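Visitor: Please see the structure below; I have some questions.
Each reported figure results from applying straightforward, stated rules to the coordinates on display, with no laboratory input. It should be emphasised that the depicted structure is a prediction, and the values quoted were computed from it without experimental measurement. Neighbour counts are summed over all protein chains in view; Cβ atoms, including those assigned to glycine, are modelled from backbone coordinates with ideal geometry.
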Amino acid sequence: MPQQPSGSDGSCDLPRLHDLISRQADGLITPDEHRELAAVLEADPEARRLWFLRNDIELGLAASAEQSRGEIIATEPVAFAGERPRAASIAGLTMALAGIAIGVFGASAVWALSVPGPSAAGTTIPVLAESFEDGQAKTVPGLPRGLTDPDGDIWRGDEARIVTAMQEIEPAAGSRMLRFESATHAGENSPKSAWSDVYRFVDARPYIPLAEGRPVTARLAADFSMAADACGPDEKYSVSVRFYAFDRDISQGPNPLPLEWVYENSVASGMKRLPIECGKQGWRRVTVDASLPPEAKFVLLHVSAVRDYPKPTSEPAVFAGHFVDDVTLELYVGSQR
């Protein structure tokens, strides 16, 4: 996250922003800190987005807590000795958040402070929504290199390219989608590979602190499709979504980065693999959930098309019409879905 303008030195880093937001939510913010937070929020759209996400979490968990208390039926008076949730009153919390919203953005900003419905059990933080519309034409060979990647925030891996509608397949979202092409990439010696693997590295540090130590579940989801003319009568294929969470930037690992290092150094992971039928057009959503430990800060996304049969013998598998689109990563704060 870029440095935020604030105070006499003209900057406020990400930990300071989260500290100010937490002090505001706790009712501990001082007048000087309130002015500092207001200046940051007024100057930077990303800071405002994080602020509203934090508000959504507080309101969602408060709504869940009030619903749970309302469902308790006691035949005798019960003394409640436990600690009340910090957001004890939804109405009071909404007023507190609305106060700073009006002070910073004007009354029109209060629309963002809507209270979740009574069925809310937690809050979702959107981290990534990828429909391949940003101009990347094809994957860069190899695994991502982390924050020091000279190619930036892109998709890497085996040979694949970004296409518009083709082979009677329309993109699931937007006007573009990714087409898997090969189970290898330039410079890789993998003659028996059956997996076409594509990766994306995500910096989750701006989002994890919003949970403030509460349980966090990561959800990776993607839509897959296969053209009717993309396989022979005896071929079988599957698709896969997987992610690995890390407590440090993967640029600290070896270069090039081997998958063995990824397996051994991830602090959490999740995978879902499902068959995809030949000749069945349309999109199939595949999702995987996994709990994240508090130390998780970065996430490596991994989506694949797999030729299950026949297995390659001397040449890597090729893919004649296999697509992925609408890849999303969310963090779910609160009780498990």
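Visitor: Could you tell me the calculated FRET efficiency between Arg35 and Lys236, based on Cβ-Cβ distance and R0 = 45 angstrom, to the nearest 0.05?
Guide: Details: r = 63 Å, r/R0 = 1.40.
Once rounded, the FRET efficiency stands at 0.10.
Visitor: Rounded to a whole number, what is D in µm²/s for region 192-337 from Stokes-Einstein with the Kirkwood radius over alpha-carbon pairs (10 °C, 1.306 mPa s)? Write out the running numbers ahead of the final one.
Guide: On the way: Rh = 16.5 Å.
It comes out at roughly 96 µm²/s.
Visitor: If you don't mind, there's one more thing I want to ask. Could you pull out every residue, at least 5 positions away or on a different chain, whose amide H is within less than 5 Å of the one on Ile276? Hs are placed 1.01 Å off N in the peptide plane, and Pro or chain starts have none.
Guide: Tyr237, Ser238, Val239
Visitor: Further question on the same structure: How high is the FRET efficiency from Val318 to Asp13, r the C-beta distance, R0 41 Å, rounded to 0.05? Walk me through the numbers before you get to the answer.
Guide: Details: r = 47 Å, r/R0 = 1.15.
With R0 = 41 Å, the Cβ-Cβ based efficiency is 0.30.
Visitor: Pulled fully out, how much extra length does the chain show between Asp153 and Arg285, if you take 0.36 nm times their separation in residues and subtract their Cα-Cα distance? All intermediate terms of the calculation are to be shown ahead of the outcome.
Guide: Numbers: separation 132, 0.36 × 132 = 47.52 nm, distance 2.41 nm.
Going from the current span to full extension adds 45.1 nm.
Visitor: Under a crude label model (7 Å from the Cα following the beta-carbon direction), how far is Glu260 from Arg161 in nanometres?
Guide: Spacing of the two 7 Å Cα→Cβ label points: 3.5 nm.
Visitor: Mind checking which of Ile208, Phe224, Leu128 is farthest towards the positive end of region 116-253's charge dipole, using Cβ charges of +1 (Lys, Arg) and -1 (Asp, Glu) about the Cα centre?
Guide: About the Cα centre, the residue reaching furthest to the positive side is Ile208.
Visitor: Please list, by residue number, every one of the GluC sites (Glu not before Pro) in region 268-337 that is coil in DSSP and has at most 14 other beta-carbon atoms within 10 Å. Could you put the intermediate results ahead of the total?
Guide: Values: sites: Glu277, Glu295, Glu330; in loops: Glu277, Glu295.
For GluC sites (Glu not before Pro) across region 268-337 that sit outside H, G, I, E and B with at most 14 neighbouring Cβ atoms in 10 Å, the list reads Glu277, Glu295.
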